[in-house]
Amino acid sequence: MSDQNTPVRVRFAPSPTGKLHVGGARTAIYNWAFARANHGTFILRIDDTDPTRSTEENTQVILRAMRWLGLDWDEGPAVGGDYGPYWQTQRLALYHEAAERLVAKDRAYYCFCTPERLAADRKTAEERHDPFQGYQRTCRSIDPVEARRRVDAGEPHTIRIKVPEDRGDVAIHDAVHGTVTFNARELDDFIIVRTDGTPTYNFTTVVDDTLMRITHVIRGDDHLSNTPRQVMVYEALGAPTPAFAHISMILGPDGKKLSKRHGATSVEEYRDRGYDADALVNYLALLGWAPDGETTIVPRDMLAREFSLEHVSKNPATFDFKKLDWIQQQYVQAMSDEEFVFQLLMPELVGAGLEREADPAHPKAWYLLLASILKPRTTLAPDVVEKSRFLYEGEDVTFDEKSVSRNLSRDGAHAALEAAREALLDVAADGWHAAAIDAALEPLPERLGTTKRKFYGAVRVAVCGNQVSPPLGESLELLGRGLALARLEKALPLAR
Ligand code: GLU
């Protein structure tokens, strides 16, 4: 167990076999926050020893996702550090050296059993109803000199860890699960180096965690069952065992492991849908951790200050898409109009081809006014595109058919548009502001003997193309006097 005074060093060690899953992201967040809260070091290590499934492209996708989430690492790819390299494929010599050292110390041994032999042993054990069905330790008793000779002669072999016969129970003191005990006899003399020379996960992880001086291993509880095997490797290496914290799985709303069936599972998908990175980090952090019973908005700096393993729950967490959206909304509403314009609105409008980044179509005040009406109506960043499109369409706005049939193809619509046009003609160009526009339109429904809903519905569809656009006065102000009047006129033939 690591010493209280040792500086905290934690790692996130993804295997680049796919994108960064939200479960992996939460593990990364907890490691990052734990390092920050304890003034420790957060290391990113790429566990890429599975050559068939690991790709450089996936590694880059993971690094991009980590950067987007704002989980800055102190050691690892791109930043380096004193304990590199930080890709396992670049550390193979270290694993081989460690394995040979264990053989020399008699804590590991060469095994020459063929797959056929192993299969036959398993079958016999099964038939005898032997309680121990693992490796029968056949090669454990081969004289080391003889074993060395066979290895040098090129005989295919693996290297197995020697689990001490008298080891007794292996107790893991887990910060989340409490003490979990495993029987060492059931651990088997597992393989640490395969016949093809590749090291296994339980070995590489421990070699690296030891060499990288990891003090706390925080990872998914799907690895809890690997932990006693890893403890055997620490003990064989003569290295201190770190503290462990195995965090629970994330479930979908139906109680099954979160998967594609439930919705988006990769960090990238959330980014592409327009979630805010801070909101996603906040939401994921709360999946299994909470500063107290009620706080739901946990900004990044608070997380980095207050995160502690004591408050991590061992119960599986259920992914709640509605809660994520609620938190997302809180983050959008907390932006100033200025932040909204520059961080959210402009990038979206540029992305949709409505604006050009280097050459905005309007003065800054125009965007701030747009921000003030869009922000309360925005959850995800791309929401702003459809709500702004009518402002970029010239005289010929795109009409939503349903909105037209409900608001223009009904009696009184024509009269409403004519009255609105006349009233707005009286609003001078230099007084073309939402308040003046609203004031000019305000008396009209009563004068026409119609309802506000019908009147404004017709005007709104005529100028904006649909009935769900943002507030009318501001919309007309943003559109400008010329376009507003032109659209009212153009819509007249559609109105009854
Ligand atoms: N590469 C392993 C994984 O992605 C790391 C597990 C660990 O943290 O030890 O599951």
Query raised in the report: For E338 and D430 in the same chain, what is the full-extension length gain: residue separation times 0.36 nm, less their Cα-Cα distance, in nm?
Result: 30.7 nm
Query raised in the report: How big is the Kirkwood radius of the range 337-494, worked out from every pair of different alpha carbons and given in Å to one decimal?
Result: 16.0
Requested in this report: Please work out the C-alpha center-to-center distance from the range 270-348 to the range 396-473 and express it in whole Å.
Outcome: 39
Requested in this report: Could you work out, for the chain, what percent of all Cα-Cα pairs fall into each 20 Å distance bin, beginning at 0 Å and stopping at the bin that holds the largest distance?
Outcome: 19, 37, 23, 14, 6, 0
Query raised in the report: Local charge sum around E306 (other residues, Cβ-Cβ under 15 Å, Lys/Arg +1, Asp/Glu -1)?
Result: -1
Requested in this report: Return, in residue-number order, each cysteine of the chain whose C-beta is not under 4.7 Å from any other cysteine's C-beta.
Outcome: C113, C464
Query raised in the report: With every protein chain left in place, what is the accessible area per residue of the range 344-496 in square angstrom, probe 1.4 Å?
Result: 49
Report task. Go through the range 145-215 and name the chymotrypsin sites (Phe, Trp or Tyr not before Pro) that are in a DSSP coil and have 13 or fewer other Cβ atoms within 10 Å of their Cβ. Result -> none
Report summary line: Rh (Kirkwood, all Cα-Cα pairs) for the range 169-242, Å, reads 12.9
Query raised in the report: Taking the Cα atoms of the range 34-189 alone, what are Rg (to one decimal) and Dmax (as a whole number) in Å?
Result: 20.8, 56
Requested in this report: Could you state, as a whole-number percent, how many of the C-alpha pairs of the range 243-335 are farther apart than 18 Å?
Outcome: 48
Report summary line: Whole-Å distance linking the alpha carbon centroid of the range 1-74 with that of the range 96-141 is 34
Query raised in the report: What accessible area per residue, rounded to a whole number of Å², is obtained for the range 221-305 using a probe radius of 1.4 Å?
Result: 39
**Report entry** Mean residue ellipticity (222 nm) of the chain, computed from DSSP H runs ≥ 4 via -39,500 (n - 2.57), nearest 500
**Finding:** -12500 deg cm²/dmol
**Report entry** R167 paired with T195, simple spin-label distance in nm, labels 7 Å along Cα-to-beta-carbon
**Finding:** 2.5
Requested in this report: Estimate the FRET efficiency between T296 and A365 by the formula 1/(1 + (r/R0)^6), using the beta-carbon distance for r and 30 Å for R0, to the nearest 0.05.
Outcome: 0.30
Query raised in the report: Going 7 Å from the Cα of E146 in the Cα-to-Cβ direction, what parts of the range 95-136 have a backbone nitrogen less than 17 Å from that spot?
Result: 109-114
Query raised in the report: When the solvent-accessible surface of protein heavy atoms is calculated with a 1.4 angstrom probe, in what order do S259, S141 fall, highest first?
Result: S141, S259
Query raised in the report: How much accessible area does Y95 have with a 1.4 Å probe, in Å² rounded to the nearest 10?
Result: 0
Report summary line: Quarter of the surface of the C-alpha convex hull for the range 84-152, i.e. direction-averaged projected area in nm², equals 6.6
Report task. Output the relative contact order of the chain, whole-number percent, from Cα pairs under 8 angstrom with separation of 6+ residues. Result -> 13
Query raised in the report: Taking the range 388-487, which GluC sites (Glu not before Pro) meet the DSSP loop condition and have no more than 14 other C-beta atoms within 10 Å?
Result: E395
Query raised in the report: Tell me, what is the 1.4 Å probe accessible area of E116, in Å² to the nearest 10?
Result: 130
Report task. Using a 1.4 angstrom probe on heavy atoms only, work out the carbon and sulfur share of the accessible area of the range 22-125 in %. Result -> 52
Requested in this report: Give me the lysines in straight-line cross-link reach of K314: C-alpha distance below 26 Å, same-chain residues under 8 apart excluded.
Outcome: K19, K256, K257, K260, K322, K323
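The values are calculated or read from the model by the stated rules, or taken from the named source; none is laboratory data. This structure is a prediction, so every number in the text was calculated from the model and none was measured. No Cβ is skipped: glycine too gets one built from the backbone with ideal geometry, and neighbour counts run over all protein chains shown. Accessible surface is based on the protein model in full, side chains and every heavy atom, while ligands, DNA and RNA are left aside. Shrake-Rupley method; radii C 1.70, N 1.55, O 1.52, S 1.80 Å.
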